[in-house]
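The values are calculated or read from the model by the stated rules, or taken from the named source; none is laboratory data. The shown structure was predicted, so the numbers you read here are calculated from the model rather than taken from an experiment. A quick note on method: Cβ atoms are made from the backbone with ideal geometry, for glycine too, and the neighbour counts reach across all protein chains shown.
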Amino acid sequence: MAAEWMSHHYFRTFHVHNEKSKIHDAILKQRNFSVGVTIAKLWGNTDYANTIDDYENLLNKEVEEDGAYNIWIPPRVNINDLTLSNSDINKTLLNGIKYLSPGERREVRIPTSVKLAKLENDGAYVAVSGGLSNEWTIISEGIEGSFHLDSREIYRTPDEKAELDVILSQIRDKASLLKVEELTTVPVHDYWVVSRLQKDAPDGISVISTPPQIDLIEGSYIRKELRQQIARATKQITAESTDLSLLILLTSVTHMKDELFTTSLKSMNPQLYGNLDLILLVADGSVRQILKPRSLPWE
């Protein structure tokens, strides 16, 4: 994904070098120029990584599609627990990658539900916990009474506002039918992202997920991870010289627009990442540049 992004961004063709580096995690080539790559997989301890590897192997045994695919699991998801409660999730994800073109990204609808309770007749307010908590003002519009909405089973809302509006309208419609102390379940969808890599990528499915206990909106955690990975990239740069240095931060975020890595980097001392040329964040099926090169070797 990073090589594809750089090819489009710089109007030059980059590809992964076949010969593995003894120092860098990978080398990208552009004619005579080399890019030293450090890949930071920000998904925690070995035990959780083993869990994701097991799930990845399971999907690869069932997949019928040729090509290389990524499945981006939203933050807070415990994939083991979810597969136990939702036996169709593997089939849903595998159906979601069908007919994807190389480089294409798609949202897959995962059936789920939210719980809505009416607390009082007075007021016009919906207290929301979980994935729809940022939408509480919109949900509360036109509501008569006080309610609580448990949307913890929603981990990622859709990119398209129109699809989100459908979910919120369903909830408001149910609220109008409730009496005090009544509880109802509203069937909705969670929206996960799948993507396909370019044709030259090795076939198979890769699962990108962070441990459910990690808070990716916690600034101190992100700054700590950034410092550690920048230090590792700097060590590789010192040990092996290339024309350009690239740090790839591979992680799970709810939506790319909500990522805090860019803000965290700006709050750090620039001397800490002064040896790096380019930092890319790869998440949610897309790529974002969070550090721009001061100069390019081919210019």
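Quick one: which residue in Gly219, Gly204, Gly274 is within 30 Å of Leu59 (Cα to Cα) and either out of contact with any strand residue (DSSP E or B) (no Cβ under 9 Å at 6 or more places or on another chain) or of a type in the set (Gly, Ala, Ser) (or both)?
On the way: Gly219 fails: within 30 Å of Leu59 (Cα to Cα); Gly274 fails: within 30 Å of Leu59 (Cα to Cα).
Testing whether each residue is within 30 Å of Leu59 (Cα to Cα) and either out of contact with any strand residue (DSSP E or B) (no Cβ under 9 Å at 6 or more places or on another chain) or of a type in the set (Gly, Ala, Ser) (or both) leaves just Gly204.
Right, Gln236: in contact with a strand residue (DSSP E or B) (Cβ under 9 Å, 6 or more places away or on another chain) and either crowded, with 18+ Cβ neighbours inside 10 Å or part of a loop (DSSP other than H, G, I, E, B) (or both) or not? When the stated conditions are applied, Gln236 passes them. Residues that are in contact (Cβ under 8 Å) with a residue 60 or more places away in the chain, assigned by TED's automatic domain parsing to the domain that holds Ile143 and β-branched (Val, Ile, Thr) occur at least once in the stretch 171-182.
Checked against (1) among the hydroxyl-bearing types (Ser, Thr, Tyr); (2) without any contact (Cβ under 8 Å) to a residue 60 or more places away in the chain; (3) under 20 Å from Gly131 (Cβ atoms), Tyr273 meets all criteria but (3).
Kindly state which strands (runs of 3 or more DSSP E) lie completely within the stretch 1-85 and contain at least 3 residues that are touching a helix residue (DSSP H, G or I) at 6+ places or on another chain (Cβ under 6 Å) and among the acidic types (Asp, Glu).
Values: elements: 26-30, 33-41, 68-72.
Where strands (runs of 3 or more DSSP E) fall fully within the stretch 1-85, none carries at least 3 residues being touching a helix residue (DSSP H, G or I) at 6+ places or on another chain (Cβ under 6 Å) and among the acidic types (Asp, Glu).
Among the residues of this structure, Ser264 does not count as one that is polar (S, T, N, Q), surrounded by 12 or more Cβ atoms within 10 Å (Cβ to Cβ), assigned by TED's automatic domain parsing to the domain that holds Val16 and closer than 30 Å to Leu59 by Cβ. Looking only at the stretch 239-259, count every residue that is modelled with pLDDT under 90 and either assigned to a helix (DSSP H, G or I) or surrounded by fewer than 19 Cβ atoms within 10 Å (Cβ to Cβ) (or both) and tell me the total. Residues flagged as modelled with pLDDT under 90 and either assigned to a helix (DSSP H, G or I) or surrounded by fewer than 19 Cβ atoms within 10 Å (Cβ to Cβ) (or both) within the stretch 239-259 amount to 1.
Listed here are the residues, each with its yes/no results for (1) surrounded by 15 or more Cβ atoms within 10 Å (Cβ to Cβ); (2) modelled with pLDDT under 95; (3) assigned to a loop (DSSP other than H, G, I, E, B).
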{"position": "Asp122", "(1), (2), (3)": "no, yes, yes"}
{"position": "Asn134", "(1), (2), (3)": "no, yes, no"}
{"position": "Ser146", "(1), (2), (3)": "yes, no, no"}
{"position": "Pro202", "(1), (2), (3)": "no, yes, yes"}
{"position": "Thr210", "(1), (2), (3)": "yes, yes, yes"}
{"position": "Leu216", "(1), (2), (3)": "yes, yes, yes"}
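Here Thr184 meets each of (1) assigned to a strand (DSSP E or B); (2) over 25 Å from Met1 (Cα atoms); (3) in contact with a Ser or Thr (Cβ under 9 Å, 6 or more places away or on another chain) with one exception, condition (3).
When the stretch 98-155 is filtered for residues that are among the aromatic types (Phe, Trp, Tyr), assigned by TED's automatic domain parsing to the domain that holds Val188 and within 27 Å of the chain's Cα centre (by Cα), the ones remaining, listed by number, are Trp136, Tyr155. Evaluate the following for Ile279: is it without any contact (Cβ under 8 Å) to a residue 60 or more places away in the chain and either surrounded by 13 or more Cβ atoms within 10 Å (Cβ to Cβ) or not in a helix (DSSP H, G or I) (or both)? Yes.
For the condition within 26 Å of Ile214 (Cβ to Cβ), of a type in the set (Val, Ile, Thr) and free of Cβ contacts under 8 Å to residues at least 24 places away in the same chain, Ile89 qualifies. Counting the residues of the stretch 105-154 that are closer than 24 Å to Ile79 by Cα, in contact (Cβ under 8 Å) with a residue 60 or more places away in the chain and of a type in the set (D, E, K, R) gives 5. For the stretch 86-102, which residues satisfy the criterion of being in a loop (DSSP other than H, G, I, E, B) and closer than 22 Å to His189 by Cβ? Within the stretch 86-102, Asn86, Ser87, Asp88, Ile97, Lys98, Tyr99, Leu100 meet the criteria.
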